[in-house]
Amino acid sequence: MPRRYYDDLFSFVTIAREGSFTRAAAQLGVSQSALSQSMKALEQRMGLRLLARNTRSIATTDVGDRLLAMLGPRFADIEAEVAELQSQQQRPAGTIRINTFDFVAEYILWPRLEAVIEQFPEITVEVCTDYALTDIVASRFDIGVRLGPAVEQDMIAVALQPEQRMVIVGAPTYFADNPAPTTPDDLARHQAANLRLPTRGAIYAWELARGDEEIDVRVPGRLVFDTLYQIRRAVRRGYGLGFLPIEMVASDIETGVLQTTLDDWAPSWPGHYLYYPSRRQSSRALHTVVDGLRYRAARDDAS
C-alpha cells in the first residue's frame, strides 16, 4: 500500500474524531483545502463514502464508522508505542486523567498523588469525580475507579485498598430521641440520609451482611443526596442515620461526633480498584501514576 494511503487514512481518523476539517487541518499542519482534496481522493480510491458533509458539520457514514472503529485503536497503539520509545530517554511527562468517586479521591488517591506530583513535576493529573459508571475510553480518561476487581474486557485492574467496610452511623443527638436499632428490621422505624445513584436511577438500598446472611434494606428518610459528603454532613447534624465507608467517619467516631450501630451487620466488600485499558499500559506517565497509587500493605496500613 502506498505511503500516501496511510497518510490519508490517518487524516480520515483525525477528521472523524474532530468533527471538523478546520480543526483537523490545524492539528495535522496542512491547509483545509488540501485536507478536503485528500479525503475526496481517498473515497474515490476506496469506492466508499466515508464522510457526510454539509455547510455546518461533518459526520462519518456507517462505513466511515466501521473504518474508524478499526483504525482508531491501531493508530492509538502506534502513537503510544512511539511515545514510550521517546520517553525511555526522558522523565515521565504528560497529562493523566482520572475518573473516580469523591470519597476515593479524598481518602485514597490524594495522599498518594501528592507524592507522585512532587517527585515528577512534568506529570499533570486531572481528577474528575462522579458516581456514574463512566466509560473511561469514550470520555478520554486514562484511569477509572471501581469497587471490586471486576472490570470491562481489555482492562487492567490494580488494587487501591484491601477491602471496603461500610458502617451505619448517627449523631448522639439523633440517638437521644431515637433508640438505636437492634435488628435490621428496626431500621424501618428510623430516618436516614440516603444516596441516589445515577447508575441505578433509584435510592441506594443498604447492603447489610452478617456471616453468610445478606439483606438489602431501604431506610426511609426526608433527605436524598448524590454524594457521600452531603450525607455525612446531614448525619452529623442529627437528621438521621447514614451508611458510609469506615475511613470517611473514623475520626468522627473516635471523637464522639458520630456513633455506630448494628456493627455485626456492617459488611466488608472487595476494596476499590483502579483500572485502565491494556493497550495504554506502555505509557510511562501512566505507569508512574499507577505505581504511585497502587495498594502497598506496609505503606498504607501504617498511614
For the range 163-270: span of alpha carbons on each principal axis (Å, largest first):
30, 29, 27
In square nanometres and to one decimal, what's the mean projected area of the convex hull around the Cα atoms of the range 208-268?
4.5 nm²
Interchain or long-range residues, amide H under 5 Å from T124's placed H
G94, T95, I96
What is the range 163-270's relative contact order, in percent, from Cα pairs under 8 angstrom and six or more apart in sequence?
47 percent
Take every DSSP beta bridge with both residues inside the chain and express the antiparallel ones as a percent of the total, to the nearest 5.
70 percent
Once both label points are put 7 Å beyond Cα along the C-beta direction, the I117-L197 separation in nm becomes 2.9 nm
Taking alpha-carbon centroids only, the range 147-161 lies from the range 211-290 a number of Å equal to 18 Å
On a full-extension model of 0.36 nm per residue, what is the gain between D291 and A93, subtracting their alpha-carbon distance, rounded to one decimal in nm?
69.8 nm
Inter-probe distance in nm under a simple model that places probes 7 Å from Cα toward Cβ, at L223 and S268
3.0 nm
Placing each pseudo-label 7 Å from Cα in the direction of the beta carbon, Y5 and E152 end up separated by a distance in nanometres of 3.1 nm
Given [x] 44, 31, 18; [y] 49, 23, 16; [z] 33, 22, 20, the label whose value is semi-axes √(5λ) of the Cα gyration tensor in Å derived from this model:
[y]
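Just so you know, all these numbers are worked out from the coordinates, no wet-lab data involved. Predicted model, so just to flag it, every value in this text is computed and none were measured. Don't worry about glycine lacking a Cβ; one is built from the backbone with ideal geometry, like all the others, and counts go over all protein chains shown.
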